[in-house]
Number of protein chains: 2
Amino acid sequence: MQSIILAVGAINLSTVNRNVELICIGNELLIGKILNTNAHWLARRITSLGLLVRRITVVGDDLDEISSAIREAIQRKPSFIITTGGLGPTFDDKTLEGVAKAIGCELEENKEALEMIKKRYEQYVAEGRIKKFELTKYRIKMAMLPKGAKPLPNPVGTAPGVLVKYEGVNLVMLPGVPQEMMAIFDESVVPLLREVAGNMVFYEASLEVRGVPESDLAPLIEQVMRENPYVYIKSHPKISEKTSYIELHFSTTSEDSSVARQRIERSIMHMSELISERGGKVRPIQA
Amino acid sequence: MQSIILAVGAINLSTVNRNVELICIGNELLIGKILNTNAHWLARRITSLGLLVRRITVVGDDLDEISSAIREAIQRKPSFIITTGGLGPTFDDKTLEGVAKAIGCELEENKEALEMIKKRYEQYVAEGRIKKFELTKYRIKMAMLPKGAKPLPNPVGTAPGVLVKYEGVNLVMLPGVPQEMMAIFDESVVPLLREVAGNMVFYEASLEVRGVPESDLAPLIEQVMRENPYVYIKSHPKISEKTSYIELHFSTTSEDSSVARQRIERSIMHMSELISERGGKVRPIQA
């Protein structure tokens, strides 16, 4: 009976679409002005929730680039496309226009979004941060959402996040300011991701290897992965002026965290033995 | 006469294809294990050389993902596609296989590349870093290049970089280890980029703005950009627990560095006046 249950489990897992794509929008990323910490933070959080980031695309503040990146991502049919950047009041904030163009719909003034924006500015006035405010076209712009979209409250800043469902894909648009992006993600996006991911957990650990070059680790990695089919092992050569070593990173995903932990522990023990036999030294790396 | 010369200059600039795409390969980027510092460094360097990074794509260690990302980039016809990662000896180093699949050619043992790899291991033996070495299939793998490719010497590590020309696009494959990537880029790729970029320079400066919200800066940005058509101005709201302000980033590209500097200075002065008139405060940000 157990084998049948396992089989059902496996089928369940494979039929759930856990693919996520990130699209980061902003010239500042393409000119190397800033590091893409948003993609890094999102990739880590999404992975830890048990979903799979399949691609990260960075494009500039260009309507055609944004809409084609979104259209291409939709064609790959991920469960979620999450964008960062381009939701603000300035002329180069073109993300929502890009989404509308990609899915062939109009932008319209969203009452709920406008209400959120108004409340935020009223709060700024009450706090004395600004003297007064008018609903200028630049402020109304932040409430011009694709038809049928849902605004996601921004607990930190002005521009709301946006959710649009299109052809089975959840399109989530988040601001580029990290604090705003993170706040909306935690409050409004995590619950949506959890619905898809269920109880999947991602488990990982790393080993520092010295005394065996990467090209000699290659067959050992293949051997340990063959005997631990749910564990992914990747080697990362680390070089600095003072020292160099190989980091071996072990990871797995499971609905049962103790199963995940056991898989990693078993493959690390196995790998450590093989490396010791070849005269190498291993040591766990603290996360 | 001057207007004619200017017109010729403008035609020259627009006919040179200065577009570059980056493709970063590695599961470690998609699970958020590491920050994509390679893309950041390359984008900054390429921009400072006067070229335009148009897109950055991150995919995992998956042959189909790699080859489709490369094929899609080729279709957009940039002057250069630069990849990072996936050139090493392990099973998941699939970049060159992905390139070969994308451009429909075979991988073959490249004598020059094999010689580079052999020399590197002989050096490791001479330095006592390893006792002996054999040309195992894992080491030969690093010399299996797309037919007609040119290996680019790796002054720091083992795997050479690779250059392939295909349909007018320069495909440059660099290792993922930052020190190796940077060394090959500086030694072998910069001269190729300079051939395309000529004497173009990128010039930038930033202004810290307080006391005017971003939505009220929006019309000022439009006004200054209209009157300084070669200058791009982008606003970046900065929030921290202690303080919040807007960074206004001014940038331009020109073949004449003094022209570039003057453009930026003029637009910064103009913007500063407009902000002061509205009761805001500005201060230059040191790079």
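Here, each number is a calculation from the coordinates, and none is a lab measurement. In this text the structure is predicted, and so the values were computed from the model without any measurement. Neighbour counts are summed over all protein chains in view; Cβ atoms, including those assigned to glycine, are modelled from backbone coordinates with ideal geometry.
Structure summary
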| read-out | value |
| --- | --- |
| Distance from the range B:82-157 to the range A:256-281 (C-alpha centre basis), Å | 28 Å |
| Most positive-pole-ward Cα, A:LEU29, A:VAL156, A:PHE80, against dipole of the protein assembly as shown from beta carbon charges | A:VAL156 |
| Table column - 3J(HN,Hα) (Hz), the range B:199-212, Karplus curve with 6.51, -1.76, 1.60, x for Gly and Pro | 9, 4, 10, 9, 10, 8, 7, 10, 10, 9, 10, 10, x, 10 |
| Most to least packed among A:61-71, A:173-183 [average Cβ atoms within 10 Å] | A:173-183, A:61-71 |
| Convex hull (Cα only) mean projected area of the protein assembly as shown, reported in nm² to one decimal | 29.6 nm² |
| For B:PRO284, inter-copy label distances in nm, listed shortest first [label point 7 Å out on the Cα-Cβ vector] | 5.3 |
| Shielding score for B:85-91, defined as the mean number of other chain Cβ atoms within 10 Å | 5 |
| Listed residue pairs exceeding 31 Å between alpha carbons, taken from A:LYS150/B:LYS101; A:LYS137/B:LYS281; A:LYS33/A:LYS131; A:LYS111/B:LYS77; A:LYS33/B:LYS141 | A:LYS150/B:LYS101; A:LYS33/A:LYS131; A:LYS111/B:LYS77; A:LYS33/B:LYS141 |
| Cα-based Rg of the range B:201-285 normalised by 2.2 N^0.38 Å, two decimals | 1.07 |
| Chain B, helix-only ellipticity at 222 nm - DSSP H runs n ≥ 4, -39,500 (n - 2.57), divided by all residues, nearest 500 | -13000 deg cm²/dmol |
| Whole-Hz ³J(HN,Hα) from phi, Karplus 6.51 cos²θ - 1.76 cosθ + 1.60, for the range A:125-141, glycine and proline x | 5, 4, 7, x, 6, 9, 7, 8, 8, 10, 7, 5, 4, 6, 7, 4, 3 |
| Selected from B:ASN110, B:HIS40, B:THR90, residue furthest toward positive end of dipole (the range B:2-197; charges at beta carbon) | B:HIS40 |
| Distances in nm from A:LYS77 to the matching label points in the other copies, shortest first (labels 7 Å along Cα to Cβ) | 3.2 |
| Sites B:GLN286 and B:GLU222 - FRET efficiency at Förster radius 22 Å, r taken between beta-carbons, to 0.05 | 0.25 |
| Principal-axis tilt of helix B:63-75 within chain B, Cα atoms, nearest 10 degrees | 50 degrees |
| Copy-to-copy label separations for A:LEU192, where each label sits 7 Å from Cα toward Cβ, in nm and ascending | 4.0 |
| Relative intensity, log₁₀ I(q)/I(0), of chain B from a Debye sum that treats every alpha carbon as a point, q = 0.07, 0.12, 0.15 Å⁻¹ | -0.36, -0.86, -1.11 |
| Average partner coverage of B:21-30, which counts Cβ from other chains inside 10 Å | 4 |
| Cα long-axis angle, helix A:2-15 against chain A (0 to 90 degrees, to the nearest 10) | 40 degrees |
| DSSP beta bridge pairing in the range B:2-197, given as percent antiparallel to the nearest 5 | 40 percent |
| Tilt relative to chain B, helix B:214-227 - C-alpha long axis, 0 to 90 degrees, to 10 | 90 degrees |
